[in-house]
């Protein structure tokens, strides 16, 4: 079996399950992509996925489904997706070995 594009931490899996329990029934998982923008050049994007698009990588892990936008696969290879809860905010965090630079706010990165 080939290595998964991204790995999910238990916290990320639990949060995705929570999100999915509140999503519409037609939602099959969450989609992760990257877009140009942010102070370091690229930022992560997450949205509900209602269907698998052509060439998407589908990662099924611990009962959740994460779809990876084909344009994002090369940027995300080897990334661990985690979920961090702090006093005033909570967010998904991507630990990406391909990053060469990350902006101070943690919202964008460069490979």
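The values are calculated or read from the model by the stated rules, or taken from the named source; none is laboratory data. This is a predicted model, so every value here is computed, not measured. Here the Cβ positions follow ideal geometry from the backbone for every residue, glycine too, while neighbour counts run over all protein chains shown.
What the table below lists for this structure:
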item: Exclusive hit being modelled with pLDDT under 95 and more than 27 Å from residue 104 (Cβ to Cβ), set 86, 3; result: 3
item: Residue in region 36-54 that is part of a loop (DSSP other than H, G, I, E, B), under 13 Å from the mean Cα position of the chain (by Cα) and crowded, with 18+ Cβ neighbours inside 10 Å present; result: no
item: Matching residues, region 71-111, being closer than 18 Å to residue 37 by Cβ, in contact with a helix residue (DSSP H, G or I) (Cβ under 7 Å, 6 or more places away or on another chain) and in contact (Cβ under 8 Å) with a residue 60 or more places away in the chain; result: 92, 111
item: Which numbered condition residue 16 misses (of (1) assigned to a strand (DSSP E or B); (2) touching a residue at least 40 places away in the same chain (Cβ under 8 Å); (3) under 11 Å from the mean Cα position of the chain (by Cα)); result: (1)
item: Positions within region 19-35 being within 16 Å of residue 92 (Cβ to Cβ) and either outside any strand (DSSP E or B) or in contact (Cβ under 8 Å) with a residue 12 or more places away in the chain (or both), in sequence order; result: 19, 20, 22, 23, 29, 30, 31, 32, 33, 34
item: Of the criteria (1) within 11 Å of the chain's Cα centre (by Cα); (2) over 19 Å from residue 9 (Cα atoms), which one residue 73 fails; result: (2)
